[in-house]
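Bear in mind that the values in this text are calculations on the coordinates, not laboratory data. What you see is a predicted model, and the numbers here were worked out from it, not measured in a lab. All Cβ positions, even for glycine, are placed from backbone atoms using ideal geometry, and neighbour counts span all protein chains on display.
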Amino acid sequence: MSKQINVALIGNPNTGKTSVFNQLTGLNQKVGNYPGITVEKKEGICKLPRGVKAHILDLPGTYSLNTTSLDESVAVELLLNKNDKDHPDVAIVVSDVENLKRNLLLFTQIKDLKIPAILVINMADRMSRKGITIDIELLEKKLNSKIALVSTRKETGINKLRELIADYKNLPKTQNVDISVIAPEYFEKLATTFPKEDVYKLWLVITQDVNFMPLEKTLFKDASSFATKSKSELKRLQQKETILRYQFINGILKETYKVDLNAAKGFRATLDKVLTHKIFGYLIFFLILLTIFQAIYGWSEYPMDLIDGFFASATEWVKDTLPPGVFTNLIAEGILAGIGGIVIFIPQIAFLFLFIALLEETGYMSRVVFLMDRIMRPFGLSGKSVVPLISGTACAIPAVMATRTIENWKERLITILVTPFTTCSARLPVYLIIIALVIPEGSFLGLSYKALTLMSLYLMGFGAAILSAVILNKILKIKSKSFFVVEMPNYKLPLLKNVGYTVLEKTKSFVFGAGKIILAISIILWFLGSNGFSDEFKNAETIVTKRVEQEGFSASSEIYFDTHQDGLDINDPNASDQQKELEERALAQEIAGYKLEHSYMGYMGKAIEPIVRPLGYDWKIGIAVITSFAAREVFVGTLATIYSVGNDEEETIKNRMAAEVNPRTQKPLFNLASGVSLLLFYAFAMQCMSTLAVVKRETNSWKWPAGQLVFMSLFAYIVALIAYQLLK
Amino acid sequence: MIQHILVYITLAISVGYIVTKFFIPKSIWSSKKDSSKSCGQDGCGCH
């Protein structure tokens, strides 16, 4: 077995850490969570020279080892805890060539923990443009470490980095800064009380704002000699330590790092002026949003049609090829229909994430955060709330986690409570299918009505979040406000590899995250829809055939005839055969519909129908609304399954939904009124059990998620009710 | 008959999955639980 070494990849945010990780690991990476907490854990395997393998762990970005948030503490905890199975043999500290001074603070701290460390100076390709020169040899000597000058964009320096990792045993473990000079007596006492422990490590544990799981601060409770230092005294010492480190760094960089200011004048400042301008900034952002939503529709149409057609054919193929029976029906009508209902949205989801990744990669997203901060402040939200709200467009769960960076508890609570209003990717399939069904074709100023509707729903989500924040701000009476600092990274051309990885990873987690739930729910629903106990269910064939003979076909079948009789030529001698075949199919559909209505699911749906009827929904939509409480995407899968049960037609989900008739009004079920009502319901309702669970965990109480659920559901119901009653 | 058995097995797996996912607290499966370190309390250290 070849030897495997543990490598921790650590660095400040926006230093290109993920790019280095991608270059080292390629596709050999996986994403998970740290045990016990929902902080993303990215790890991968890198093949090194001489047959050595490295297990690379990409740690959350941190500016220093003096942590203030739980995310940052993950990095520190791993570096301090030698018993952790991921404790690094070597640490790679990724820094950005333009902010080397700030980045070296973290590097010197890691060196002082006596962990072999390699400094990666990334974005080396920008050096000539920015007029930067570095004496690498001298810098290595001064830092007593090894340096890899890397450009992930030009793919240079990665091989050298691999060699340095493989050769990690030769890296010096000496410390850079002796921090005991800031309070000699205190550190001496520390060393004598805990002779077996490293003083700097003890100092880090004492001064952290966050409790570590394996390294409890209680260790120091019995040591009375440390009670002499109050929290403010410790903070003062921490500041002294930072000053001491910067004195050391300044001294080194004076000799090794030069910047020609004349060459450094870039177009960043000019671009920032325009992109963060009070008027143009918002205008440009608005235009970018419009382009994104237009593209999501325009570009996805063809692949979506292909996927839809593929699943319709696959269903047909399963029914024709596999031996007839209930299990074959389950595969065709339950499993394939449910999965098809979600897979069809992959193109649109992928395009959305592609645009988000491009905005992040170019450095534009930070400008958006800055722009939005101006809007947020008057509504009582912290500037830091912008990040969770924007992340909420992907998923509310990591967005709720992202509120951990907000120091003020009440501001954090408000952000947690309003973030689920942001349009997450799970809402997208629901929006897309309903918009496709009820919003007419046509355009305004070159933008399709459908794209404009989608964008309005996103804006409405943000609007609802802000409105709720104002209300909560008044109720909760926030007295103190936190400050907002955002780092504006340099503008750069997006690395296609990074964008590709992001799109792949996000789309994968979207499909597989909800996929298992959708599959399970589709199977249960198929069973409930295919079985029943009543006489009507058992004798459906006889009852419906007799009814058709006496009263003729229903309105639903009339629509079926209208859509399928287009190609029928009455002069054709085979026309009557074709007509007969159509009638047989229509009869089969009526029987299937009757059976479904009297199945277990039918009875359940009928029981909840009185609640959803005022919104313009029938019992089938009611069932989909209930099941989608597990995850919003389940809505489409549920309807796809319901409309497939007992149905032998090779039809796409969209066509099946379009053919549905409201038995009360005898008009298409999905019309403008019921469609808008559904869109608004999903825009505001808290249809996500996982988010509720995360909110409970983050607030440590059921009170907040329960309030959130009641408020959002009521709000959604009332808005949907008003919309339907006005439009019907 | 075989098809019926397969349907019931698939159904049982699906129901089992949904129940364990949404209705049984994760703490039953995992012994690692310490509410004293959860967020939302004074001094939890997260804010």
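Data overview
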read-out	value
Label-reachable residues, the range A:289-309, where backbone N falls under 20 Å from a point 7 Å from A:V274's Cα toward its Cβ	A:289-292
Gain upon complete extension [A:K516, A:R377; 0.36 nm per residue less C-alpha separation]	46.0 nm
Antiparallel content of DSSP bridges confined to the range A:4-170, in %, to 5	35 percent
R0 of 51 Å, Cβ-Cβ distance A:K101-A:N531: FRET efficiency to nearest 0.05	0.15
Pairwise centroid distance, computed over Cα atoms, of the range A:317-385 with the range A:409-434, Å	13 Å
Rounded, prolate or oblate (a/c below 1.5 giving rounded, otherwise prolate when a/b exceeds b/c) for the range A:54-100 by Cα gyration tensor	oblate
Separation in nanometres of the label points that stand 7 Å from Cα toward Cβ, at A:F267 and B:A12	6.7 nm
Per-residue mean of C-beta atoms belonging to partner chains within 10 Å, peptide A:113-121	0
Where a label projected 7 Å from the Cα of A:A693 along Cα→Cβ would reach, residues of the range A:407-435 with amide N under 18 Å	A:420, A:426
Spin-label model distance (nm) - A:L234 vs A:N473, 7 Å beyond Cα toward Cβ	3.4 nm
Highest average packing first - A:493-504, A:140-151, Cβ atoms within 10 Å	A:140-151, A:493-504
For the range A:175-210 and the range A:663-706, distance of Cα centres in Å	53 Å
Antiparallel bridge percentage (DSSP; both residues within chain A; nearest 5)	45 percent
Contact order normalised by residue count of the range A:326-465, Cα under 8 Å, 6+ apart, percent	17 percent
Tilt relative to chain A, helix A:703-727 - C-alpha long axis, 0 to 90 degrees, to 10	40 degrees
Rounded if a/c under 1.5, otherwise prolate or oblate - the range A:4-170, Cα gyration tensor axes	rounded
Rough spin-label spacing in nm, given labels placed 7 Å along Cα→Cβ, for A:Y282 and A:L727	2.7 nm
Residues of the range A:41-59 with amide N under 20 Å of a point placed 7 Å along Cα→Cβ from A:K508	A:41-47, A:54-59
Listed pairs A:K17/A:K47; A:K235/A:K474; A:K101/A:K497; A:K42/A:K492; A:K42/A:K696; A:K114/A:K235 exceeding 30 Å between Cα atoms	A:K235/A:K474
Using a Förster distance of 41 Å, the FRET efficiency for A:R50-A:Q175 (Cβ separation, nearest 0.05)	0.90
Euclidean distance between Cα centres, the range A:500-554 to the range A:115-151, Å	60 Å
Overall form of chain A per C-alpha gyration tensor (a/c, 1.5; a/b vs b/c)	prolate
222 nm mean residue ellipticity, helices alone, for chain A (DSSP H n ≥ 4; -39,500 (n - 2.57); rounded to 500)	-18500 deg cm²/dmol
